[in-house]
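Structure first, then comments.
Every read-out reported here was derived from the displayed coordinates using simple, explicitly stated rules and does not represent laboratory data. Predicted model, so just to flag it, every value in this text is computed and none were measured. When we count neighbours, we look across all protein chains shown, and the Cβ atoms used for this are built from the backbone with ideal geometry, even at glycine.
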């Protein structure tokens, strides 16, 4: 790592569609190198006229730029989540400016949840559970197990418990969570 210009990174964002609910949650920690610089970053947003949830992991300024571009795509394609995601991924991969952005997005509508990356990927994950960030594999594992073996839990409870597990394990994830949600239409 180049300590003269440390990058800001790391977080855990987790989204799920479960039992008629769509929930996205994230921790609030931002780090620079191995130092916590902020503990309450807001990494999840409701966009697309209240019909789309979005969360980000990676460099904060980069992520804000991507979410703004994603909103533009949502407006251009009448809140069609998949189409807007593919168009953003195309731009992200081919645009000289966007190509340098270091972030990942989780986006969800009432029926779909996707991961969008700068490598041109638009992934529709198994089991309608998506996670990005440094603690994503811990949160994803916990959410998958809870959804499968504790299906009586609400989507909110699954996301909350899974983020707690990730925060207990990942040093780049804290317990200062924020959640956004809506009922499936």
>> Need the C-alpha centroid separation for segment 117-170 versus segment 42-73, integer Å.
In response: 19 Å
> How high is the relative contact order of the chain, in percent, with contacts defined as C-alpha pairs under 8 Å that are six or more residues apart?
Replying inline: 31 percent
> With labels modelled as points extended 7 Å from the Cα through the Cβ direction, what inter-label distance (nm, one decimal) is found for residue 127 paired with residue 141?
Replying inline: 1.2 nm
>> Give me Rg/Rg_expected for segment 8-183, where Rg uses Cα atoms only and Rg_expected = 2.2 N^0.38 Å with N residues.
In response: 0.95
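Do the sum for the chain: with -39,500 (n - 2.57) for every DSSP H run of n ≥ 4, divided by all residues, what is the mean residue ellipticity at 222 nm, to the nearest 500 deg cm²/dmol?
Numbers: 4 runs with 60 residues, N = 185.
The per-residue figure over the chain is -10500 deg cm²/dmol.
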> Applying 1/(1 + (r/R0)^6) with R0 = 22 Å to the Cβ-Cβ distance of residue 32 and residue 176, what FRET efficiency is obtained, to the nearest 0.05?
Replying inline: 0.80
> Rg (Å, one decimal) plus Dmax (Å, integer) for the alpha carbons of segment 108-171?
Replying inline: 12.1, 37
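Multiplying the sequence separation of residue 72 and residue 164 by 0.36 nm and subtracting their Cα-Cα distance, what value in nm do you get? Mind showing how you got there, number by number?
Working: separation 92, 0.36 × 92 = 33.12 nm, distance 3.31 nm.
The span from residue 72 to residue 164 would gain 29.8 nm if fully extended.
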>> Could you tell me the calculated FRET efficiency between residue 153 and residue 110, based on Cβ-Cβ distance and R0 = 25 angstrom, to the nearest 0.05?
In response: 0.80
